[in-house]
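Asker: Have a look at this one before I ask anything.
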Amino acid sequence: MASSANAAEPVVAVERLGKRYRRAVALQAVSLTVPRGQLYGLIGPDGAGKSSLLKAVAGVLSYEEGAVRVFGKLIDSERAAEDVKARLGFMPQGLGLNLYGELSIEENVDFFARLRLVPAHEAAPRKERLLAMTRLAPYRERPMKNLSGGMKQKLGLVCTLIHAPELIILDEPTTGVDPVSRRDFWVILAQLIEEHRLTALVSTAYLDEASRFDRLALMHAGRVMAEGEPERLVRDARARIVELQADAAQPGPLEQRFAQIDWRANVARIYVEGDDDDSARRAVLDVVGPATAPHLAVRQPELEDVFVALLRAQDGVAIEPLRGLSAPAPRHASADAEHAIDARELTRSFGAFRAVDAASFGVHYGEIFGLLGANGAGKTTVIKMLTGILPPSSGLGRVAGADMRRAGQAIKERIGYMSQAFSLYTDLTVMENLLLFAGVYGLERRLAQERARWVLALGGLEGHEDRAASSLPMGLRQRLALGCALIHQPRVLFLDEPTSGVDPIGRRRFWAILQELAREQGVAILLTTHYMSEAELCDRLALMFAGRVVADATPAAMKAQLAAEQGQLLDVSTAAPAAALAAMRAAGFPGAVLHGRGIHVMAHDPRDAQERMRAALERAGLPEPLVARRELSMEDVFVHRILALEAAAAARTP
């Protein structure tokens, strides 16, 4: 048993850590401590320095400045790293990159148990418990290469935990994972920490996951911008969000007065400095007039709002308005067909496996259409059929009036495609990439130069023309990839998870470009995303499950339907969310799900539900919860629908 002195000693202590890759600075004077039994988060976009910091703590990356101590041991050499290796587990970034594709789930776990020298009599029961906890036991014979993204991440976690480490280091374990699998992952991790007093150091690019951590560091460009408990960071921002219905908003005057406005579907979220609700309300009313008072609501900011404000305060980082940008005249008419995209009973099978099953939907010109679904639902396969990369097994896919089964090069000049993997030549400069893609699409030199200048202006890439694509921050690289897909001015644009890993300002800029393309130029846009806040911005959504389209409606209609079926959304805050969730489900709330460090549950009679929840937690010896009514989000819709479909599918399985 550890002594009280050892128990009080932080598991990880980082002091003014500095790391460089030649001239590129990855970490600058980073300091933080991780106490025993804590879930500590590193939050920031790609390129923030999260992976470098985690690798230094795991002992697999050297550093030039500062110090890293793990379990009190200075990690300054390979020998020092070996001394603590048995006490920690490290899961690197990437879906299944630490696993072996040809091995089954069980074979991967057994291999890691042997690699970590776990005695067979300890490994066997531990493996069974971890497979049961992650719900992978029924699939133990399935090869890793055939798993969905969420299942790969859960298997990676099992292999990381098989030797019972005291510290686990997880590098972006939920990036590229759908919201249901992400929640599943966090439930498992919270349970492990609670039961075994594990210490976990976890990085993520999803700011909506911040509330799950006991403590976190917000990182950008190799520096820690803020550090502490999530609630304290929000409090210390001393700001309010004033929400205003978009039809009552006045974009010009508001943008002149307030530097930070987040336009979400039909709501403008205005960041107002100052920690007084009435003052924030008056500040907005002074701009939009008292007649809009009924359309106003004042709320605490989310951590993403705080992060954007911190970025905005830094020199050289700003949210640039895109109003007024114009494009050259379109090369193609925008009314080639009734629908820009028309999928009818679109089906694709790979042997006995049906990846897409009679999917049907339509997308109009000028519409942003979101294709949602869990990992493996068939979204990317649909896009590949509609872009002519994969032929359908049956059904019809028409794009810009042409049947994509017989479409030649001419129709492909009228569509743009940005895949999950970046379609850039990283050793070429920004301008060289643009001119190369212009040449591929047959643009003559003068027009290619004109289009390249337009893309540079649209994407905020001016001044970066001579930089290598590999040296660009993630947000700029994504905008360059989008620009390459737009260089020939397509009328239909396909985007497969285009903003994964991009910082909030970069995502907002990217979406402003999409809105400009759709609203002003009539481009039809079909995209996939795991950011449910981005789903709110789509004009219409299709939800896929097991290759089928199971819902097709606007975000507002999907939320209204769920509210009609399930009632009011209640947000339950409690000090022990995992234990409270178990108590609530046992008391007759099977639809309760973890949401951050709280619980979301829906009820037609909120007062009765609140009393039953309080009684259930009291019987379980848990403190009285704080219950608040909340508006439904698309994440609530997604999680509820997918869990219901999974349950129905499981009930049909013999």
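Asker: If a residue must be touching a Ser or Thr at 6+ places or on another chain (Cβ under 7 Å) and in a helix (DSSP H, G or I), how many such residues does the stretch 453-488 contain?
Answerer: Residues that pass the stated criteria total 5.
Asker: What number of residues within the stretch 70-96 satisfy the criterion of being open to solvent by 80 Å² or more (accessible area, probe 1.4 Å) and under 16 Å from S52 (Cα atoms)?
Answerer: 1
Asker: Would you point out the residue of the stretch 247-279, among those that are touching a residue at least 12 places away in the same chain (Cβ under 8 Å), assigned to a strand (DSSP E or B) and among the aliphatic types (A, V, I, L, M), that is surrounded by the fewest Cβ atoms within 10 Å (Cβ to Cβ)?
Answerer: Step by step, filter the stretch 247-279, then rank; the result is V267.
Asker: Only residues in the stretch 112-138 that are in the same structural domain as V187 (by TED's automatic domain parsing) count as the first member; pair them with residues that are of a type in the set (D, E, K, R) and not in a helix (DSSP H, G or I), Cβ under 9 angstrom, at least 6 apart or cross-chain, and list the lot.
Answerer: Pairs that qualify, where the first residue is in the same structural domain as V187 (by TED's automatic domain parsing) and the partner is of a type in the set (D, E, K, R) and not in a helix (DSSP H, G or I), are A123/R116; L131/R140; L136/R142.
Asker: In addition: Just to be sure before I move on: is L435 buried (at least 16 other Cβ atoms within 10 Å of the Cβ), among the aliphatic types (A, V, I, L, M) and in a loop (DSSP other than H, G, I, E, B) in the structure I sent?
Answerer: no
Asker: Kindly provide the set of residues from the stretch 289-325 that are modelled with pLDDT under 55 and either charged (D, E, K, R) or loosely packed, with under 11 Cβ neighbours inside 10 Å (or both), ordered by number.
Answerer: D315, G316, E320, R323, G324
Asker: Right, here's the next one. Hey, among R114, R36, R20, which residue is open to solvent by less than 70 Å² (accessible area, probe 1.4 Å) and basic (K, R)?
Answerer: Testing whether each residue is open to solvent by less than 70 Å² (accessible area, probe 1.4 Å) and basic (K, R) leaves just R36.
Asker: Counting only residues that are open to solvent by 30 Å² or more (accessible area, probe 1.4 Å) and either in contact with a Cys (Cβ under 7 Å, 6 or more places away or on another chain) or at pLDDT 90 or above (or both), give me the strands (runs of 3 or more DSSP E) lying completely in the stretch 543-654 with at least 3 of them.
Answerer: Those strands (runs of 3 or more DSSP E) span 548-553.
Asker: Output yes when any residue across the stretch 419-432 is over 13 Å from A468 (Cβ atoms), touching a helix residue (DSSP H, G or I) at 6+ places or on another chain (Cβ under 9 Å) and surrounded by 19 or more Cβ atoms within 10 Å (Cβ to Cβ), and no when none is.
Answerer: Within the stretch 419-432, none of the residues are over 13 Å from A468 (Cβ atoms), touching a helix residue (DSSP H, G or I) at 6+ places or on another chain (Cβ under 9 Å) and surrounded by 19 or more Cβ atoms within 10 Å (Cβ to Cβ).
Asker: Next up: What pairs come out if I take residues in the stretch 553-574 that are touching a residue at least 24 places away in the same chain (Cβ under 8 Å) and pair them with residues that are of a type in the set (S, T, N, Q) whose C-beta lies under 8 Å away, six or more apart or interchain?
Answerer: Taking only residues 6 or more apart or on different chains, the pairs are A556/N266; K559/S633; L570/Q610.
Asker: Right, something else. Please determine whether any residue of the stretch 439-447 is of a type in the set (S, T, Y) and farther than 27 Å from K384 by Cβ.
Answerer: no
Asker: How many of the residues making up the stretch 183-211 are open to solvent by less than 30 Å² (accessible area, probe 1.4 Å), touching a residue at least 60 places away in the same chain (Cβ under 8 Å) and not β-branched (V, I, T)?
Answerer: Result for the stretch 183-211: 12.
Asker: Give me a count of the residues in the stretch 205-234 that are under 17 Å from D503 (Cα atoms) and at pLDDT 90 or above.
Answerer: Counting residues in the stretch 205-234 that are under 17 Å from D503 (Cα atoms) and at pLDDT 90 or above gives 9.
Asker: Suppose we filter the stretch 159-180 for residues that are part of a helix (DSSP H, G or I) and crowded, with 23+ Cβ neighbours inside 10 Å; how many remain?
Answerer: Total meeting the criteria: 3.
Asker: Exactly one condition in (1) crowded, with 16+ Cβ neighbours inside 10 Å; (2) within 24 Å of L303 (Cβ to Cβ); (3) touching a Gly at 6+ places or on another chain (Cβ under 7 Å) is not met by A29; state its number.
Answerer: Here A29 meets the rest and fails (1).
Asker: Still on this structure, please answer the following. What pairs come out if I take residues in the stretch 48-66 that are surrounded by fewer than 23 Cβ atoms within 10 Å (Cβ to Cβ) and pair them with residues that are part of a helix (DSSP H, G or I) whose C-beta lies under 8 Å away, six or more apart or interchain?
Answerer: V60/A81; L61/S52; L61/K55; S62/A56; Y63/A56
Asker: Among the residues of the stretch 489-519, how many are outside any loop (DSSP other than H, G, I, E, B) and more than 17 Å from F369 (Cβ to Cβ)?
Answerer: Final tally of qualifying residues: 7.
Asker: Here is a further query. Look at R491 and say whether it is open to solvent by less than 10 Å² (accessible area, probe 1.4 Å), closer than 23 Å to L436 by Cβ, of a type outside the set (S, T, N, Q) and over 15 Å from the mean Cα position of the chain (by Cα).
Answerer: yes
Asker: Against the condition of a type in the set (A, V, I, L, M, F, W, C) and either buried (at least 18 other Cβ atoms within 10 Å of the Cβ) or part of a helix (DSSP H, G or I) (or both), how does L99 come out, does it pass?
Answerer: yes
The values are calculated or read from the model by the stated rules, or taken from the named source; none is laboratory data. Predicted, not measured: the structure shown is a model, and the values here were computed from it. Positions of Cβ are generated from backbone atoms using ideal geometry, with glycine treated the same way; all protein chains shown enter the neighbour counts. Only protein heavy atoms, including side chains, enter the accessible area calculation; ligands, DNA and RNA are left aside. Shrake-Rupley method; radii C 1.70, N 1.55, O 1.52, S 1.80 Å.
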